[in-house]
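The values are calculated or read from the model by the stated rules, or taken from the named source; none is laboratory data. Source: prediction; values computed, not measured. All Cβ positions, glycine included, derive from the backbone under ideal geometry; neighbour counts span all protein chains shown. Just so you know, the surface numbers come from the protein's heavy atoms only, side chains and all, with ligands and any DNA or RNA stripped out. Shrake-Rupley method; radii C 1.70, N 1.55, O 1.52, S 1.80 Å.
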Amino acid sequence: MSATSGSWQQRWYWRPGIIAVLASGSIMVLELVVGRIAASYVGWSLYTWTAIISIVMLGISLGSWLGGRLADRWSSPRLLGVLLVVGGLLSWSVLLVDMVNAVAQVEKLTQQNLSYVAGLAALGIALAFLPCLALGCVSPVVVRLTMRNVDQAGSTVGRIHALETVGSIVATFATGFWLISAFGTRPVVWGVGCVLLLLGVIILGHGRWWAIVACLALLVADTTIAVQRNWFRGPCTLETDYYCIKVTDETREGHPVKVLILDRLVHSYSSLDDPTRLVYSYERQYAGATAYQNERHNPLRALFIGGGGYTFPRFMEAAYPDSELDVIEIDPGVTEIAHQLLGLERDTRIATYNEDARMFLGRTPNRAYDLVFGDAFNDFSVPYHLTTHEFNQQVHAWMAPDGLYVINMIDGPSGELFRSYVHTLRQTWRHVYAVMDVDAWRRATRSTIVVIASDQALDVAALGEHAPELAASLLAPDVLEGILAEDRAILLTDRYAPVDQLLLPVFLDILPE
Amino acid sequence: MSAIQEVQSPPAVRHWLWRPYLTVFTSSLCIMVLELAAERVIAPYVGSSLYTWTTVIGVVLTGISVGNYIGGRLADRRPSVRLLGLIFALAGLAALLVLPIDALLAPGDSGLSLLWRVVGVMAAMFLLPSLVLGCVSPLVARLAVKDLARAGRTVGSIYAVATLGSITGTVSTGFWLIPTLRVDWIIVAVGGLLLLWGLALRIAGRTIDAGVLR
């Protein structure tokens, strides 16, 4: 009853399920890898994700439509072979953005020329469209080649669609949890291209062994050359599931320092020989808050939300030898790099917990911290779940009655996130202070602001004595009230925290200039 | 050959509620709205990280996958618009159940390891709605495919429209819904829309089925 449309359906290589799984899995691998590549230029944010998901889906969508038309015109496995070969070759194109960057040698420009960086990210995302278009064609072609009659349309479509989804799930988990951190983005993309190419050649060559051997030989030769030329390493010191971590050397104020760059953001400067040397001004404010708190608590207990380069934990370890120091750092890779390159001793007294802060602080409190430092907010990627009222309540439960919660954040002159964040903190702590230079903040597109929350009012006289720099830039209460009254402030909750939108002015101000 | 089949295939029935493309567009849109909302619902339990996203995507895709399979079997056994209405209504109910389940699970600091807690919480809330919504596309494909010669085109177009629905769901949730509405209201709105549409299809289905399948 079924059409005898050729003996190829009995051939060993005709495995529609495997083809569907590999094609859809490849799309998901590319999607996540392109996400990593784009994030290394502009950081993780809702915008990065939305752009990538949209472009990939657009490719799949147009591919499905195109593939359906092609399948009705040429319903033969050769079409499938061509699509797979083309998809394999095009999937390599997502690496072009790295090539463009390498050729232009603009690594050094990442801080100055932001529109160029944004352009690279957009290019990377846009390049994902092409392989997804080709691979999106595969699904309707497989359905058409498998379907024998209309009565089976539902189960044929359902079965193949289900297999494709299984491919997507496996690829998502494998890429997110294993492939990127184990191999890095370049080898993964290379591997995807190789698999698709080989599959396409098998189908086009009707499963002849010499075609397979020739293709394999070519791919192995190319891989060997790429490995020999060190091409797979890429620009990162270490590539993890979270960041492309780079460590470089610089000289600051006449001293050599190690610079930790997470994706494109210079995260910290560490001095190997003198941990008490602090380069960033917000870290000197942190030091001020520590000196102030040291007057009333000895030994100090401090918690760091976000480890970064471990600059400040190392400062406290050296300056306050009795202190108890706990660090929550989500990325074990960052901790490892700090051990290897940034002077964090293996036998350090600093205890690290590699998990999300919500997990750590969600447990029943068994310590009371005198100081909690928030260092998890970057410029474009603020983890919204660490800004909410519910999270603040958790932090509060882990603090001593007169403990200080000290956070650094980035916002522009419109202060939308700043106002909402302070408003939210005020629901939990009786006193909230801001440390900033208002005039500079008004003029810059983005500034770092240090916010301090506590249940006990700061003793201004003691602050002036032990932390003069902090006392000098502490906003007077009426000035802070004035800024807060300028526009609306949203109470950030787990149910409603539009943090990315509040940061939109920062994002927009940066990119067009 | 295809011309003969086209002559033999029945004329398309027109009913204002039977819109195959709009149907798959809506179901895909709702899946993505729920998926993005899901991340916001479970982040308080486990944080928001790569693992949270992977779990969200994994659970939703698993639901869709199983749904696709079940939907395909159902579609060949009993292809009807009334069945489609039932599926939509069930999906709406499943989405409306998310918040009560969240309220039940919320306080627990259970003995489970955190990884299993994420997967468990996520699956308890969002596996069912994804699964039921996953049944939609093979059923619509079955109802829309009239002859084999054009099957590739029909299935391809349905995929394409479904993916456009997913894009619309993603972009509108990320850029508009989450900054505008509380996440629990978003979920209630999706559930209500699905439930109402399902009931309408169920009621109108008798007339439509008489025309579509004869």
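Side notes on the structure shown:
- Checking Cβ-Cβ separations below 4.7 Å across chain A identifies A:CYS132, A:CYS137, A:CYS194, A:CYS215 as cysteines lacking any candidate disulfide partner.
- Members of region A:149-171 that become less accessible by 50 Å² or more once partner protein chains are added (1.4 angstrom probe, chain alone as reference): A:VAL150, A:GLY154, A:VAL157, A:HIS161, A:THR165, A:ILE169
- Total formal charge among the other residues, if their Cβ is under 12 angstrom from that of A:MET316, Lys/Arg +1 and Asp/Glu -1: -3
- Against chain A, whose longest principal axis comes from its Cα atoms, helix A:209-228 is set at around 20 degrees.
- Note on A:ASP273 and A:ALA444: with the Förster distance fixed at 30 Å, the Cβ-Cβ geometry gives a FRET efficiency of about 0.40.
- Convex hull volume of the Cα atoms of region A:7-235, normalised per residue: 123 Å³.
- Of all DSSP beta bridges in the protein assembly as shown, antiparallel share, percent nearest 5: 65
- B:LEU104-A:ARG363 pseudo-label distance in nm [points 7 Å out on the Cα-to-Cβ vector]: 2.8
- Estimated buried accessible area (total), pair B and A, 1.4 Å, Å² to nearest 100: 5200
- Helix A:153-174 axis, angle to chain A major axis (alpha carbon atoms, nearest 10°): 40
- Computed extension length for A:HIS206-A:ALA461: 83.3 nm, one decimal, from 0.36 nm per residue of separation with the Cα-Cα distance subtracted.
- Distance (nanometres) between label positions extended 7 Å along Cα→Cβ at A:ASP249 and A:PHE183: 3.4
- GluC sites (Glu not before Pro) restricted to region A:426-508 and DSSP loop, no more than 15 other C-beta within 10 Å: A:GLU486
- What the pair-distance distribution of region A:275-510 shows, using all Cα-Cα distances binned every 10 Å from zero, is 7, 33, 39, 19, 2 percent.
- Ellipsoid fit via the Cα gyration tensor, region A:115-251: semi-axes of 35, 22, 14 Å, each the root of five times an eigenvalue, largest first.
- Placing dummy labels 7 Å off each Cα toward the beta-carbon, the span from A:ASP402 to B:ARG73 is 6.8 nm.
- Dividing the mean sequence gap of close Cα pairs (under 8 Å, 6+ apart) by how many residues chain A holds gives a relative contact order of 14 percent.
- Summarised in one figure, the compactness ratio Rg/Rh of region A:355-492, Cα atoms and Kirkwood Rh, is 0.95.
- If the chain linking A:LEU491 and A:HIS339 were pulled fully straight, counting 0.36 nm for each residue of separation and taking away their Cα-Cα distance, it would gain 50.8 nm.
- Environment charge of B:ALA103, counting only residues whose C-beta is closer than 14 Å and scoring Lys/Arg +1, Asp/Glu -1: -2
- Measuring nothing but how far apart in sequence close Cα pairs (under 8 Å, 6+ apart) lie, relative to its length, region B:17-208 scores a relative contact order of 46 percent.
- Looking at region B:17-208, the accessible area is 36 square angstrom per residue; that uses a 1.4 Å probe and ignores ligands, DNA and RNA.
- With contacts taken as Cα pairs under 8 Å and at least 6 residues apart, region A:152-272 reaches a relative contact order of 15 percent.
- For region A:275-510, a simple Cβ point-charge model (Lys and Arg +1, Asp and Glu -1, everything else neutral) yields a dipole of about 160 debye relative to the Cα centre.
- Accessible area in square angstrom per residue, chain A, 1.4 angstrom probe: 39
- Globularity ratio of region A:14-94, using Cα Rg and 2.2 N^0.38 Å: 1.26
- Electrostatic bookkeeping for B:MET32 treats Lys and Arg as +1 and Asp and Glu as -1; over the other residues with beta carbon under 15 Å from its beta carbon, the sum is -2.
- Length gained on full extension, A:ALA214 to A:ALA476, computed as 0.36 nm times the residue gap minus the Cα-Cα distance: 86.8 nm.
- Each 5 Å bin, from zero up to the one with the longest distance, holds this percent of the alpha carbon pairs of region A:456-501: 5, 16, 17, 15, 14, 15, 12, 6, 0.
- Counting only DSSP beta bridges whose two residues both lie in region A:275-510, roughly 45 percent are antiparallel.
- Nearest-ten-degree value, helix A:77-91 long axis tilted from longest Cα axis of chain A: 30
- Whole-number D in µm² s⁻¹ for the protein assembly as shown, Kirkwood Cα-pair radius fed into Stokes-Einstein, 25 °C, 0.890 mPa s: 89
- Close amide H partners of A:GLU324, meaning residues 5 or more places away or on another chain with modelled amide H under 5 Å apart, are A:LEU300, A:ARG301, A:ALA302.
- If you look at the Cα atoms of region A:237-286, you get an Rg and a Dmax of 11.7, 35 Å.
- For region B:17-208, the Rg and Dmax computed from alpha carbons only, in angstrom: 16.9, 57
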